[in-house]
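The values are calculated or read from the model by the stated rules, or taken from the named source; none is laboratory data. The structure displayed is predicted, hence computed values, not measured ones. Neighbour counts run over all protein chains shown; Cβ positions are idealised from the backbone, glycine included. Only protein heavy atoms, including side chains, enter the accessible area calculation; ligands, DNA and RNA are left aside. Shrake-Rupley method; radii C 1.70, N 1.55, O 1.52, S 1.80 Å.
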Amino acid sequence: MRGASDGMRQSLIGRLNLLIKRFSLVSVLFVAAVALTFSFAAYRNAMDGIGRESVLWASHLKDFKVLSGRETDRTGTSYAEFADGVLRVNDGEKSREIDRQNLPENVMIFSPDGRSFDGVYSVKEGVAKIGGYVGFVRKFSVGSSYWYVFVGRRFSDIFLSHVPFLFVLAVVSFMYAWTIRLFLVKTKDSLKKDIDALTSLVETFADSGEVPVLSGTESREIRSLAKILYDVSVKMKEEQVEAMQKAGTDGLTGLANKAAFEEKIESRILQDRVFSLIFMDLNGFKPINDKLGHDRGDEVLKEVAAKLRRVFRECDFISRWGGDEFAVLFEGDAEKLYDGIKERVIRALDEIDADGMKVSAAVGYAVWPVDGRTAGQLFKTADERMYADKIVSKSR
């Protein structure tokens, strides 16, 4: 049973360890996925903004209002062309030259054949990457032809503009994942402690019917189970004692109990043959209970029962009368053998060592029918002689 429980415990703890390792890996992937997802969302958001900006530039540049700073005479001849690295715009009245510096760095203009301030490019309307910039190309009309405007941003600028947000997002995601991991680790430790406590409870209860003392740190469920097992243990002991009493046996020492002894005495009287009642009360037993505890006291009582079995014969009937009192139905006249019987009892009990504390006994007797013809009379006489012997023992 112990091996099976150990195997089950190791299996559960192993599964939890594997779960924690897998969760740690999933957490890393989760943080990475969240960062990538929001990076992509940030990129798309930035591109949408660039797209709207390119539409505005195309709207403004359709008659070069932004560049020339004045209305174009629509009735005259107007044209625009790149020459010698500059853009010449003629509005029908005068010609103006526009340098690259007149435009923002992220805005570029292209003629229908792809000419720009610094060269010739292959351009078409839509998403484009030009000169380290990523953005949009839009058409705008100049006279009867279509020119192009490109508005873009450097990819690094797009990314860096969202770094603080992405960093906070990654930290929050990591903290969330790590918190869950710590919760799992704590759960594993708590479960391991509960499994160990449960194993101890079940094994101890199965082996001895006892419930081990808990540390007080166990979960409420384990403490509840311990209480249930304790109640079951108490009930089992009560039923065991009751059963043994019904069977005429003392539950602690295995000797006959008081009821069985009284029945035996009554039966023996009917035989009309001499017998004796020997009554004993232990000396020095109360200090053992007080100083060493009742568990050690119970062990001493078991040892006393074993010693009495050695002192008396098989034909004698030994019982635990109650507490630290013992009664023996002795076949024959105990008065003639009293001194020898008492000496053997004292010598046997003297062999018991309860952590340096010794045990002895006061012994009394009554002989049927000399000292009484009823069980009550015999018990009264034996008890008086036992009490007298106890007084003599204390006076020594």
- Message: For the range 97-116, give me the residue count where each residue is assigned to a strand (DSSP E or B) and either among the hydrophobic types (A, V, I, L, M, F, W, C) or farther than 20 Å from S145 by Cβ (or both).
- Response: 5
- Hits in the range 120-144 (condition: open to solvent by less than 40 Å² (accessible area, probe 1.4 Å) and modelled with pLDDT under 85): G132, F140, V142
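Yes/no per residue for (1) at pLDDT 80 or above; (2) under 19 Å from L329 (Cα atoms); (3) of a type in the set (S, T, N, Q):
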residue	(1), (2), (3)
A226	no, no, no
M236	no, no, no
V241	no, no, no
G251	yes, no, no
I278	yes, yes, no
V300	yes, no, no
- Taking the range 272-287 on its own, how many of its residues are among the β-branched types (V, I, T) and open to solvent by 40 Å² or more (accessible area, probe 1.4 Å)? 1
- Item | Residue list for the range 265-284, restricted to those being closer than 16 Å to A361 by Cα and acidic (D, E) | D281
- Failed criterion for A197 (all others in (1) open to solvent by 30 Å² or more (accessible area, probe 1.4 Å); (2) part of a helix (DSSP H, G or I); (3) at pLDDT below 70; (4) small (G, A, S) hold): (1)
- From the residues in the range 375-396 that are in a helix (DSSP H, G or I), of a type in the set (K, R) and open to solvent by 90 Å² or more (accessible area, probe 1.4 Å), which one is farthest from F326 (Cα to Cα)? K394
- Message: If I ask for residues that are open to solvent by 30 Å² or more (accessible area, probe 1.4 Å) and among the β-branched types (V, I, T), which ones from the range 28-50 would you list?
- Response: V28, T37
- Taking the range 104-119 and the residues there that are under 18 Å from M47 (Cβ atoms) and among the aliphatic types (A, V, I, L, M), the one that is least open to solvent (accessible area, probe 1.4 Å) would be V107
- Task: May I ask you to verify whether V367 is touching a residue at least 12 places away in the same chain (Cβ under 8 Å) and under 60 Å from the mean Cα position of the chain (by Cα)?
- Result: no
- Note on the structure: Note on the range 324-347: residues within 30 Å of D290 (Cβ to Cβ) and either out of contact with any Lys or Arg (no Cβ under 7 Å at 6 or more places or on another chain) or modelled with pLDDT under 95 (or both) are D324, E325, A327, V328, I341, K342, E343, R344, V345, I346, R347
- Note on the structure: For V213, the lone unmet condition from (1) farther than 30 Å from K342 by Cα; (2) assigned to a helix (DSSP H, G or I); (3) modelled with pLDDT under 75 is (2)
